[in-house]
Amino acid sequence: MIQTTSKKASNSAQKSEWFDARPYKDIPRQSKFDFIRSYLPGGRFENTSSTETALILQKELGDLFVMPGIFGRSDILMVLNPEHIEKMYRFEGIWPIRDGFETVGYFRNVIKKDFFGETSGLIATQGEIWARQRSAVNPIIMNSKNVKLYINSLIDLNDELVVRIRDVRDPSTNEVPSNFEEDLNRLTFESITSIALDRNFGLIRRHKENPEALRLFKNLRDFFIYIFELEMKPSMWKTIRTPMFNKMMRCQEEIFESTSKFVLDAIIGLENKEAANTNEKYQEPSVLEKLLKIDKKLAIAMTMDMLLAGIHTTSSVLAGMLLAIAKNPAKQEILRKEVLKIMPNKKSPLTVESMMDMPYLRACIKESMRFYPVGSGSFRSAGCDIVLGGYQVPKGTNAILNNFLMFLDEKYYVPPDEFLPERWLRTNNGLHGNGFSKEKSHPFRFLPFGFGPRICVGKRIVEIELEVCLTKLIRNFKIEYNYPVEKAFKQYFVNVPAIPLSFKFTDLNE
């Protein structure tokens with residue numbers, strides 16, 4: 001009875017807040033005409049990234065404003081306040097709606113509808129269809145057992161990267177070539193395929209010209225260019241099938257063909273392994289094996305999702321992490337002392353258990369993700385009618401929860417332009433006292449993987465990729481970068497390096 005009364009009172013308060021709020025149309029915004037004109041040649045946003053655009057509009061319009069929809073798109077509400085972001089997440093419901101990847105949805109739900117049906121993966125589905133698939137894959141992909149299952153594979157791949165660095169660096173300067181970004185992309189590609197396909201293609205070093213793998217690798221790179229042009233910039237593809245849209249569909253067709261072939265190859269390999277090892281003791285099934293037991297289509301869709309979402313994002317985080325470490329040698333030495341405790345020799349074994357006692361490593365990764373954010377925020381739709389900042393936000397309103405803009409804002413981080421891993425270290429009283437604004441130390445100011453039921457499904461996999469890579473590189477090399485780092489990243493669908501990654505890797509003594 002008390003709970004029922006409390007619930008009614010809460011609903012009544014929400015209704016009162018709604019009717020007292022100003023209407024959605026009063027939220028500050030640019031007109032459609034001004035918005036379009038700003039992106040035309042000579043317009044003020046012609047050569048600015050979406051993050052730079054959002055910063056300019058934030059100064060003009062505040063922490064809550066509307067970016068008008070054009071060419072068949074809906075308006076986007078830009079949310080730049082952690083309290084508002086928390087409210088959006090708290091009221092998003094059990095089936096959160098996330099806008100974006102519409103061209104992926106078109107390919108799978110229209111062009112390939114006969115194949116995928118309602119098993120079309122996570123990144124482009126919504127509602128109950130999304131929920132059924134997410135419930136099926138959560139115990140598989142988010143299970144901590146997978147960390148132990150794949151850490152040896154990740155260690156082997158990073159050992160290959162260490163050898164690759166020694167192969168390609170200039171012997172007189174110890175600098176790697178300026179296209180080192182491609183080596184990072186190959187590392188993350190191999191890391192994902194080792195998990196999603198039980199397969200190592202050898203692209204890091206051993207079989208760098210593997211034609212099948214290179215075809216998929218190229219298409220995944222092109223995908224990020226096309227999706228930026230079609231979904232982040234003004235585009236008429238919903239009205240007219242533009243040449244860029246047609247390129248995107250062909251690109252996805254080739255990714256689908258490659259992924260399907262590799263999954264079918266894996267099925268044959270698993271069947272052969274099963275027949276050969278019938279008397280061997282039980283081994284934990286791989287991610288692919290577990291997905292195949294549910295549905296072959298789901299295995300193909302999730303493999304595509306992992307490849308599309310996990311390669312360029314993770315390699316960009318790695319690039320930012322290495323830049324931050326290289327430009328802060330004192331922090332690098334603190335980290336190295338921690339690594340030496342668990343790896344006194346370069347060949348000391350690295351295990352899940354030994355990596356648990358590395359708080360400064362994780363603090364460095366967190367701080368590098370703040371210092372060099374990989375994107376602009378999370379896409380969400382309002383799960384119900386809510387009030388933000390005194391304005392009505394109707395159910396279904398599309399929004400970008402842009403806590404990435406807070407990462408370099410002195411309202412939340414002190415000082416914002418200093419690489420300070422110590423700000424993330426815990427004491428008996430919680431987070432370290434230095435590095436945060438006490439007035440604005442809000443838990444929703446830093447959510448690089450999102451929050452709630454639709455949090456990034458590959459979060460733990462990405463974290464262990466970053467931890468293994470940084471541990472291996474710090475244990476083997478002193479890392480330097482002897483060039484300017486202004487505007488180090490440019491924005492596509494995610495932020496990617498805009499400067500040559502000519503790191504200097506100097507071997508350490510044992």
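Rounded to whole numbers, the Karplus 3J(HN,Hα) couplings from phi for segment 169-184 are 5, 6, x, 8, 10, 6, 8, 7, x, 5, 8, 4, 4, 5, 5, 5 Hz, using 6.51 cos²θ - 1.76 cosθ + 1.60 with θ = phi - 60°, and x at Gly and Pro.
What GluC sites (Glu not before Pro) does segment 171-236 have in DSSP loop regions with at most 13 other beta carbons within 10 Å?
Qualifying residues, ordered by number: 209.
Computed with the Debye formula from one identical point scatterer per Cα of segment 286-327, without solvent, the log10 of I(q)/I(0) at q = 0.15, 0.19, 0.20 Å⁻¹ comes to -0.51, -0.62, -0.64. Taking all Cα pairs closer than 8 Å and separated by 6 or more residues, the relative contact order of segment 180-249 comes to 19 percent. Lysine pair count for segment 327-473 (Cα-Cα distance under 17 Å; residues 8 or more apart in sequence or on different chains): 13.
Look at the alpha carbon pairs under 8 Å that are at least 6 residues apart: their mean separation over the length of the chain gives a relative contact order of 24 percent.
Label point 7 Å out from residue 209 along Cα-to-Cβ: which residues of segment 157-180 have amide N under 18 Å? Under 18 Å, as judged by backbone N against the label point of residue 209, lie 168 of segment 157-180.
Bridging of residue 233 to lysines at a Cα separation below 24 Å is possible for 25, 32, 59, 218, 247, 487, 490, once same-chain residues fewer than 8 apart are set aside.
Scan around residue 78 for amide H atoms under 5 Å from its own, H built in the peptide plane at 1.01 Å from N, and keep only partners 5 or more places away or cross-chain. Here 65, 66, 67, 400 satisfy the definition.
Once you order the gyration tensor axes a ≥ b ≥ c over the Cα atoms, which shape class does segment 251-402 get: rounded for a/c under 1.5, otherwise prolate or oblate by comparing a/b with b/c? If you can, show how the numbers build up before the last one.
On the way: a/c = 2.23, a/b = 1.08, b/c = 2.07.
Oblate, since a/c reaches 1.5 and b/c is not below a/b.
For residue 19 and residue 91, a Förster radius of 22 Å and the Cβ-Cβ distance give a FRET efficiency of 0.80, rounded to the nearest 0.05.
Can you list which of the trypsin sites (Lys or Arg not before Pro) found in segment 279-369 are DSSP loop residues with at most 16 other C-beta atoms within 10 Å? Spell out each step's value before the answer.
Working: sites: 281, 290, 293, 296, 297, 327, 331, 336, 337, 341, 346, 347, 362, 366; in loops: 281, 327, 346, 347.
Sites meeting the loop and neighbour criteria: 281, 346, 347.
Tell me the relative contact order for segment 331-430 as a rounded percent, counting alpha carbon contacts under 8 Å between residues six or more apart. Relative CO of segment 331-430 lands at 27 percent. The 3J(HN,Hα) values that the Karplus relation (6.51, -1.76, 1.60; θ = phi - 60°) gives for segment 249-255 are, in residue order, 5, 5, 4, 5, 4, 5, 4 Hz. Gly and Pro appear as x. Answer rounded, prolate or oblate for segment 45-114, using the Cα gyration tensor with square roots of eigenvalues a ≥ b ≥ c: rounded when a/c is under 1.5, else prolate when a/b is larger than b/c, else oblate. Since a/c reaches 1.5 but b/c is at least a/b, the shape of segment 45-114 is classed as oblate. Comparing the chain with the 2.2 N^0.38 Å rule of thumb, its C-alpha radius of gyration ratio is 1.01 (two decimals).
Cβ crowding within 10 Å, taken as a proxy for footprinting-reagent exposure, orders 442, 207, 84 from fewest neighbours to most as 207, 442, 84. May I ask you to list the aspartates and glutamates whose Cα is less than 17 Å away from that of residue 296, ignoring any residue fewer than eight positions away on the same chain? Within the straight-line limit of under 17 Å, residue 296 reaches these aspartates and glutamates: 114, 118, 198, 257, 265, 271, 305. For the Cα trace of segment 166-270, dividing Rg by the Kirkwood Rh returns an Rg/Rh value of 1.08. Evaluating 6.51 cos²θ - 1.76 cosθ + 1.60 at θ = phi - 60° for every residue in segment 287-294, the Karplus couplings come out as 4, 4, 4, 5, 5, 5, 5, 7 Hz, glycine and proline recorded as x.
May I ask you to compute the full-extension gain from residue 357 to residue 111, defined as 0.36 nm times their residue separation minus their alpha-carbon distance, rounded to one decimal in nm? Spell out each step's value before the answer.
Working: separation 246, 0.36 × 246 = 88.56 nm, distance 4.87 nm.
Here the answer is 83.7 nm.
From the alpha carbon centroid of segment 225-269 to that of segment 291-359 is 28 Å.
Where a number appears in this text, it was derived from the coordinates with a stated rule and is not lab data. Note that the coordinates shown come from a computational prediction; the quantities given were computed from them, not determined experimentally. Note that we place each Cβ from the backbone using ideal geometry, even for glycine, and neighbour counts take in every protein chain shown.
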